[in-house]
Amino acid sequence: MEQTAQFYLIYPLGLVDQGLDELKEKWELHFKDQPLSILSVDEGGILLSATTLQGFLLNHLLRTPTRILMRIAEFKARDFPKLFQKISKIPWKSLMIGQAPEVVAAATNSRLFDSRKIAKALQDGILESYRKQPVKKKYLDHLEANKTAELPKVYYRAVDDVITISLDTTGEILHKRGDKIYTGLAPIRENLAALLLMATTKNLPKEELTLIDPMSGSGTFLIEGHDYFSVNTEREFAYQHTPLWIDVALKKKVMDELQGRPSPFAKLQGFEINPDVIELARKNAEGKKINFTQSDLFSEDNSLVGKNVVVINPPYGLRVGEKEEINLDYYKKVISMIKKKYQPVRLGIIIPEEHKFNPKKEELIARLPFKNGGLPVVFYILT
């Protein structure tokens with residue numbers, strides 16, 4: 001399976017640069033015999049050329065994307081008969097196992113914008129392609145045996161009547177790692193945590209660092225730090241229900257060759273005031289070298305001296321019921337206590353955009369705006 005394809009890696013808006021850093025690092029680690037071929041980078045993602053196997057395996061290796069799509073076709077169409085015709089000529093029998101897939105459609109400045117009509121044209125075109133080039137029985141048997149599986153969706157994107165058709169290789173969104181099941185009040189998504197960790201520790205020798213989260217909640221930041229080099233085999237991906245994977249010989253050998261590595265951090269320490277949440281975090285991190293301790297950030301105990309990096313997602317907005325005391329002064333107090341107790345070489349903190357936090361220029365390394373749970377926030381990286 002050495003044929004090449006284009007893959008589009010989707011990232012949260014504003015955080016693509018951190019995703020690119022991870023992609024380069026993991027590619028060198030796992031595919032160093034083949035140069036990384038990046039075709040373009042835009043605000044929403046990265047387009048690269050790779051073998052189909054490499055593109056599929058990135059689902060297991062990368063912790064920062066939201067989803068990985070395989071590009072199938074690009075063409076112009078200004079009416080639905082033309083769209084149907086173009087879709088019916090794609091050899092879907094080599095891409096899917098006989099299903100009429102779910103369609104995810106998005107259109108900008110296009111004559112074709114009705115998502116229901118788009119989905120019908122695509123599904124009818126795919127079924128017509130199957131009629132002309134029937135799906136092999138072994139794939140239909142696989143479909144019958146996996147009716148409830150997360151089968152690949154087809155993504156339709158139209159901009160100025162230029163249509164891009166892609167096949168989802170991921171299935172359930174990539175922040176679903178397949179292992180963590182206990183959550184606190186308002187946890188940050190795993191891929192967001194990984195992106196923010198990468199930004200905080202950029203150009204630092206992680207193997208010398210202690211990663212600290214003083215309000216660790218269910219442990220997301222620390223677990224992402226621990227598992228940064230791990231290979232995710234805990235869940236199923238959509239590509240595993242395509243002929244391109246079903247036909248791969250020695251699947252186990254392919255997976256065994258994806259060697260994970262231990263955490264890049266010397267130590268990982270979480271503090272949390274709520275004992276019930278501490279127990280959730282310990283369950284989530286079972287088998288991992290992460291220490292969780294019950295402690296209040298604003299107490300004088302549990303100071304740590306060393307080469308520390310601190311990341312924190314403090315309470316804000318609806319997470320705490322809009323409590324009046326959660327204001328700009330509160331976040332300044334959080335920062336002051338962290339610097340006093342841990343003297344970090346880097347500090348990463350999420351603060352709602354509405355508070356308009358303005359740190360000293362000499363302290364600010366980066367300012368990364370994004371949305372967390374629909375709320376505009378900013379991740380500040382400070383010295």
* To do: Output the number of residues of the range 67-98 satisfying the condition of being farther than 22 Å from V254 by Cα and open to solvent by 30 Å² or more (accessible area, probe 1.4 Å).
  => 15
* To do: Could you list, in sequence order, all residues of the range 94-126 that are acidic (D, E) and within 22 Å of T242 (Cβ to Cβ)?
  => E102, D124
* Of all residues in the range 1-13 being open to solvent by less than 50 Å² (accessible area, probe 1.4 Å) and in a loop (DSSP other than H, G, I, E, B), which is farthest from K371 (Cα to Cα)? -> Y11
* Asked: Do we find that Q18 is over 15 Å from I165 (Cα atoms), assigned to a helix (DSSP H, G or I), at pLDDT 95 or above and of a type in the set (S, T, N, Q) in this structure?
  -> yes
* The listed residue being farther than 30 Å from T148 by Cβ, in a helix (DSSP H, G or I) and in contact (Cβ under 8 Å) with a residue 12 or more places away in the chain, out of K82, K86 -> K86
* Checklist (1) more than 21 Å from the chain's Cα centre (by Cα); (2) assigned to a helix (DSSP H, G or I); (3) in contact (Cβ under 8 Å) with a residue 40 or more places away in the chain applied to T164, failing item -> (2)
* Index of the failed condition, H241 passing every other in (1) in contact with a Leu (Cβ under 7 Å, 6 or more places away or on another chain); (2) farther than 20 Å from G178 by Cα -> (2)
* Among the residues of the range 28-47, which ones are out of contact with any Phe, Trp or Tyr (no Cβ under 6 Å at 6 or more places or on another chain), surrounded by 14 or more Cβ atoms within 10 Å (Cβ to Cβ) and closer than 19 Å to E2 by Cβ? -> H30, F31
* Structure fact -> If we ask which residues in the range 132-176 are closer than 22 Å to E234 by Cα, open to solvent by 70 Å² or more (accessible area, probe 1.4 Å) and touching a Gly at 6+ places or on another chain (Cβ under 7 Å), their number turns out to be 1
* Any idea which residue in the range 107-131 is surrounded by the most Cβ atoms within 10 Å (Cβ to Cβ), counting only those that are of a type in the set (S, T, Y) and either in a helix (DSSP H, G or I) or touching a His at 6+ places or on another chain (Cβ under 7 Å) (or both)? -> S129
* In the range 275-288, how many residues are touching a residue at least 60 places away in the same chain (Cβ under 8 Å) and in a loop (DSSP other than H, G, I, E, B)? -> 2
* To do: Would you mind finding the one in V254, V231 that is hydrophobic (A, V, I, L, M, F, W, C), in contact with a Gly (Cβ under 8 Å, 6 or more places away or on another chain), farther than 30 Å from V305 by Cβ and in contact (Cβ under 8 Å) with a residue 12 or more places away in the chain?
  => V231
* Just for strands (runs of 3 or more DSSP E) wholly inside the range 289-383: which have at least 2 residues that are among the hydrophobic types (A, V, I, L, M, F, W, C), surrounded by fewer than 17 Cβ atoms within 10 Å (Cβ to Cβ) and modelled with pLDDT of 95 or more? -> 364-372
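Would you pick out the residues in the range 141-161 that are touching a residue at least 40 places away in the same chain (Cβ under 8 Å) and of a type in the set (K, R)?
Correct list: K153, R157.
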* Kindly indicate whether any position in the range 21-43 is outside any loop (DSSP other than H, G, I, E, B) and among the hydroxyl-bearing types (S, T, Y). => yes
* Among (1) farther than 27 Å from K340 by Cα; (2) at pLDDT 95 or above; (3) more than 22 Å from the chain's Cα centre (by Cα); (4) not aromatic (F, W, Y), the one test that A266 misses -> (1)
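Can you find a residue that is without any contact (Cβ under 8 Å) to a residue 24 or more places away in the chain and touching a Ser or Thr at 6+ places or on another chain (Cβ under 9 Å) anywhere in the range 257-267?
The answer is no; no qualifying residue exists.
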* To do: Restrict the check to the range 279-299 and report whether at least one residue is under 30 Å from K147 (Cα atoms), out of contact with any Lys or Arg (no Cβ under 9 Å at 6 or more places or on another chain) and not small (G, A, S).
  => no
* Looking at (1) open to solvent by less than 10 Å² (accessible area, probe 1.4 Å); (2) part of a strand (DSSP E or B), can you tell me which one L57 breaks? -> (2)
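The values are calculated or read from the model by the stated rules, or taken from the named source; none is laboratory data. Keep in mind the model is a prediction, meaning the values are calculated, not measured. Using ideal geometry, Cβ is built from the backbone for each residue, glycine included, and neighbour counts are taken over all protein chains shown. All accessible areas refer to the heavy atoms of the entire protein, side chains included, with ligands and DNA or RNA removed. Shrake-Rupley method; radii C 1.70, N 1.55, O 1.52, S 1.80 Å.
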